[in-house]
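**Q** Have a look at this one.
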Amino acid sequence: MNDIYEAILETRKVGGKAALATIVSQKGSTPAPLGSKYLVREDGSTVGTIGGGCVEAEVWEEAKKVIREGEAKMASFKLTEQRDEDGVMEIDGLICGGTIEVFIEPIISYPTVHIFGAGHVSLPLARMSKMIGFRVVVIDDREIYANRERFPDADEVVVSEFKKYFEKFVPDESSYIVIVTRGHRHDGTVLGWACRTEARYVGLMGSRAKKNIIYNELRSKGIPDEDLNRVSSPIGLEIGSKTPQEIAVSILAEMIRDMRMGKKGEK
């Protein structure tokens, strides 16, 4: 059983998807005890068992649907040879005479915020993001700023040139990218890469004048407005924020709104 829990943690850590099937009810003779668990990953690999055979194959198919749709479901399986009038699945090859109910739930990765730049706004943003439940990764090319002493709550603190970090990080729909580097040049470098990824959220800190300068530079390099328009800039919700802590609150509020309600705040 511990292997399943370890696999769930690892799946969430790497940003993967999976579904966990648990036998929650059974009647009659069945191939596995109540509470048995079976983890199905997005790539089809599995951990654990709920009895093997055809019933497990059927649960695997249902689990893949749960992964795709992101919604939990209850499925009933009758261990006989046919499908009954009510549509309950009756599994060939396991004529145990029993019935099981399996609860299949999606395993969703923790969203990860990648904070590019380890300056004064990043400190409260990293701390607050961790409190909310985000995984937090801070990236900067200056070790004097990007270190464990300054960011004790971060899951990862990476000292790297930004372009080198791009080579090993592939954003997905659970990725949030916040660009708060120390200057226009670095902001433009990160934004030119980030806006063309699959990241769910990309935000750029700065004034509208700064935004226009960076956007025009990127347009001159062939980056289309379609990619730039998905960026939140100036970053954060408009709350009149002034201090680093207040700016961090506005950024985090915008990320939460995006996570819960979508980009435009619509349910």
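The values are calculated or read from the model by the stated rules, or taken from the named source; none is laboratory data. Values in this document were obtained by computation on a predicted structure and should not be read as measured data. Here the Cβ positions follow ideal geometry from the backbone for every residue, glycine too, while neighbour counts run over all protein chains shown.
**Q** Within the stretch 37-50, take every residue that is crowded, with 21+ Cβ neighbours inside 10 Å and more than 27 Å from F169 (Cα to Cα) and give me the one that is farthest from the chain's Cα centre (by Cα).
**A** This residue is I50.
**Q** How many of the residues in the stretch 162-197 are farther than 19 Å from E254 by Cβ and within 23 Å of the chain's Cα centre (by Cα)?
**A** 13
**Q** Related question: Determine whether K168 is crowded, with 18+ Cβ neighbours inside 10 Å, modelled with pLDDT under 95 and on the phi < 0 side of the Ramachandran plot.
**A** It is false that K168 is crowded, with 18+ Cβ neighbours inside 10 Å, modelled with pLDDT under 95 and on the phi < 0 side of the Ramachandran plot.
**Q** Could we say that G35 is modelled with pLDDT under 90 and under 30 Å from R135 (Cβ atoms) here?
**A** Judged against the criteria, G35 is not a match.
**Q** In the set R219, R208, which member is closer than 23 Å to R257 by Cβ, in the same structural domain as V121 (by TED's automatic domain parsing) and out of contact with any helix residue (DSSP H, G or I) (no Cβ under 6 Å at 6 or more places or on another chain)?
**A** So the residue among R219, R208 that is closer than 23 Å to R257 by Cβ, in the same structural domain as V121 (by TED's automatic domain parsing) and out of contact with any helix residue (DSSP H, G or I) (no Cβ under 6 Å at 6 or more places or on another chain) is R208.
**Q** May I pose another question? Among the residues of the stretch 139-174, write down those that are in contact with a helix residue (DSSP H, G or I) (Cβ under 7 Å, 6 or more places away or on another chain) and among the hydrophobic types (A, V, I, L, M, F, W, C).
**A** I139, F151, A154, V158, F162, F166
**Q** Go through S250, S207 for me and flag whichever is among the small types (G, A, S) and under 19 Å from H184 (Cβ atoms).
**A** So the residue among S250, S207 that is among the small types (G, A, S) and under 19 Å from H184 (Cβ atoms) is S207.
**Q** Taking the stretch 63-84 on its own, how many of its residues are at pLDDT 80 or above and crowded, with 18+ Cβ neighbours inside 10 Å?
**A** Qualifying residue count for the region: 5.
**Q** Which condition number in (1) more than 22 Å from S109 (Cα to Cα); (2) out of contact with any Phe, Trp or Tyr (no Cβ under 9 Å at 6 or more places or on another chain); (3) surrounded by 22 or more Cβ atoms within 10 Å (Cβ to Cβ) is the one that A154 fails?
**A** Condition (1) is where A154 drops out.
**Q** Follow-up. Consider only pairs whose beta carbons are under 8 Å apart and that are at least six residues apart or on different chains; among these, list those whose first residue lies in the stretch 106-118 and is in contact (Cβ under 8 Å) with a residue 40 or more places away in the chain and farther than 28 Å from E62 by Cα and whose second residue is of a type in the set (D, E) and crowded, with 24+ Cβ neighbours inside 10 Å.
**A** Pairs found: F116/D140; G117/D140.
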